[in-house]
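Structure first, then comments.
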Amino acid sequence: MDRYNGEYDDIINLEPPEFPNRAKMPLHDRAAQFAPFAALTGFDSKIGETARLTDKKPELSDTEIDVLNEKIRIILENIGSRPELEVIYFVKDLLKSGGALEHYIGSVKKIDLHRRKFVFDDCKIIPADDIIDIQSDLFEQTADI
């Protein structure tokens, strides 16, 4: 059922009025009049940032530290062959407390004992203090690890 009954036929096709003392508003500005208003600009991003989860850095036991140190010793003995490692390490979050565990696989070029960093062939650098675990085929040869 059509609700239009013809009562606006006299004005329905009229052009909008033009005023000589006012410039016509560009269409972009006219459209902006009807855009939604966000009173709390940036609030959504703050809520999203607050809701984003971070993890606490895992604390290694003395036994886990000893195992990790033994793995590093084995890597240092074989550093000339540039062994491939899978490293699990903790990355601090730049915006809030905590962070996340990340996995990296690559061939280690050197271990800088002075700066406590692992340097890989592709120039990736991982701080030794952030390493949680290391896996490699090198360790399969040693039954103690």
- prompt: Could the peptides 124-137, 31-44, 94-107, 72-85 be put in order, highest first, of the mean number of other beta-carbon atoms found within 10 Å of their residues?
  reply: 124-137, 72-85, 94-107, 31-44
- prompt: Full extension from H28 to D66: what is 0.36 nm times the residue separation minus their Cα-Cα distance, to one decimal in nm?
  reply: 7.0 nm
- request: Anything over 20 Å Cα to Cα? Flag those among K92/K117; K71/K110; K71/K117; K56/K92; K96/K124; K56/K110, in the order listed.
  value: K96/K124; K56/K110
field: Whole-Å distance, taken between Cα centres, linking segment 9-25 and segment 52-86
entry: 76
task: Using only the alpha-carbon atoms of segment 46-145, report the extent along each of the three principal axes, biggest first, to the nearest angstrom.
output: 49, 31, 24
- request: Could you check which residue among E86, E18, E64 shows the biggest mean-square fluctuation in a GNM of the chain with a 10 Å Cα cutoff?
  value: E18
task: With springs connecting C-alpha atoms under 10 Å apart, model the chain as a Gaussian network and identify which of R22, R115, R52 has the largest mean-square fluctuation.
output: R22
- line: Cβ-Cβ cut-off under 11 Å around P58, Lys and Arg +1, Asp and Glu -1: the net charge is -3
message: What does the charge count around G98 come to, taking other residues whose C-beta lies under 11 Å from its C-beta (Lys +1, Arg +1, Asp -1, Glu -1)?
response: +3
- prompt: For S107, what charge total do you get from the other residues with a beta carbon under 14 Å from its beta carbon, if Lys and Arg give +1 and Asp and Glu give -1?
  reply: -1
message: So, for the chain, what is the accessible surface per residue at a probe of 1.4 Å, expressed in square angstrom?
response: 83
- request: Measure off 7 Å from each Cα along the Cα-to-Cβ vector at I125 and D137, then give the distance between these two points in nanometres to one decimal.
  value: 3.0
- prompt: What part of the accessible area of the chain, given as a whole %, is carbon or sulfur when the probe is 1.4 angstrom?
  reply: 54
message: Between 0 and 90 degrees, rounded to the nearest ten: what's the tilt of helix 62-77 against the longest Cα principal axis of the chain?
response: 80
- prompt: For segment 1-93, what class follows from the C-alpha gyration tensor (a ≥ b ≥ c being the square roots of its eigenvalues): rounded when a/c is under 1.5, otherwise prolate if a/b is larger than b/c, else oblate?
  reply: prolate
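The values are calculated or read from the model by the stated rules, or taken from the named source; none is laboratory data. Remember, predicted model here, so these are calculated numbers, not experimental data. We place every Cβ from the backbone using ideal geometry, glycine too, and count neighbours over all the protein chains shown. Heavy atoms of the whole protein, side chains included, go into the accessibility calculation; ligands, DNA and RNA do not. Shrake-Rupley method; radii C 1.70, N 1.55, O 1.52, S 1.80 Å.
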